[in-house]
Amino acid sequence: MPLAIARRSFFAALTFLTLAAGPLAARADAPVVAAASDLQFALTEIAAAFTADTGMQVRLSFGSTGNFARQIREGAPFEIFMSADEQFILDLHADGFTPDEGDLYAIGRIVLMAPNSSVLLPDATLDTLAALLAEGQITRFAIANPDHAPYGMRAREALITRGLWDALQPFMVLGENVSQAAQFALSGNAEGGIIAWSLALAPEVGKRGSYDMIPEDWHQPLRQRMARLHGAGPVAEAFYAYMMAPAAREIMDRYGFALPDDG
């Protein structure tokens, strides 16, 4: 189906939700979407397009997937949860916090990135990082906290695969989430770090450094899943549907997110 026809068909199907939710959106607070921080740039664009196309608004809250999962268990009033690791969604559903298992919406990737001023020249094999580490030229290296951030978990797995995890420990700087890890990596006070490809592709980030993709078989896949929470209203339902529509999928693709039907 041509993209233009598909988009028209989607908005025709969304008409009822738009009409039903319009007055509600105008008089009630917009629903909050809890989103993994690797979505910071892509989802901000998608939310703006959603508002332009439907007149409805959502509020975006970015952070680490693990922290959001904990907050949901403690009663946080989110209506949609967009996780960077599907297991958090599946566990929440198993414990009764979501009405279903949601949908896989993207596959993420990680990259080695360094600021323009760094002695570290990113390469996919991490050979330069290993050499600089052996020469004592690494003073700080940033990743997201692997205790609760999926991108940090995958960074740790990749470094273990390459045999660098233990040697990097004295120089590790942990971001609360992958967005903060990117800030640390590009601050000029670190030689670099491992961050989300989606962040490296954002012009605001990409102009500050260079990067190379880490082999995807060095770590478990970043299967990103989203789900509605109990009590999600019509605006949240409409935004959830919009995430699977052509307009949103185009933006996700531009930020490097593979789509579930890409194989």
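The values are calculated or read from the model by the stated rules, or taken from the named source; none is laboratory data. These numbers come from a predicted model, not from an experiment. Don't worry about glycine lacking a Cβ; one is built from the backbone with ideal geometry, like all the others, and counts go over all protein chains shown.
Being surrounded by fewer than 21 Cβ atoms within 10 Å (Cβ to Cβ), of a type in the set (Asp, Glu), farther than 21 Å from Ala124 by Cα and in contact with a strand residue (DSSP E or B) (Cβ under 9 Å, 6 or more places away or on another chain) is a property that holds for Glu237.
Of the residues screened, Gly192 is not one that is on the phi > 0 side of the Ramachandran plot and surrounded by fewer than 24 Cβ atoms within 10 Å (Cβ to Cβ). Is region 47-66 home to any residue that is in contact with a Lys or Arg (Cβ under 8 Å, 6 or more places away or on another chain) and modelled with pLDDT of 95 or more? Looking through region 47-66, none of the residues is in contact with a Lys or Arg (Cβ under 8 Å, 6 or more places away or on another chain) and modelled with pLDDT of 95 or more.
The helices (runs of 4 or more DSSP H) found wholly in region 153-231 and carrying at least 1 residues that are among the hydroxyl-bearing types (Ser, Thr, Tyr) and in contact (Cβ under 8 Å) with a residue 12 or more places away in the chain occupy 178-185, 197-200. Check whether at least one residue in region 86-108 is buried (at least 21 other Cβ atoms within 10 Å of the Cβ), part of a loop (DSSP other than H, G, I, E, B) and hydrophobic (A, V, I, L, M, F, W, C), and report yes or no. No, every residue in region 86-108 fails to be buried (at least 21 other Cβ atoms within 10 Å of the Cβ), part of a loop (DSSP other than H, G, I, E, B) and hydrophobic (A, V, I, L, M, F, W, C).
Reported count of residues in region 76-120, each being touching a Leu at 6+ places or on another chain (Cβ under 8 Å) and over 12 Å from Ala227 (Cβ atoms), is 13. Residues of region 102-147 that are over 18 Å from His219 (Cβ atoms) and among the charged types (D, E, K, R): Asp103, Glu135, Arg140.
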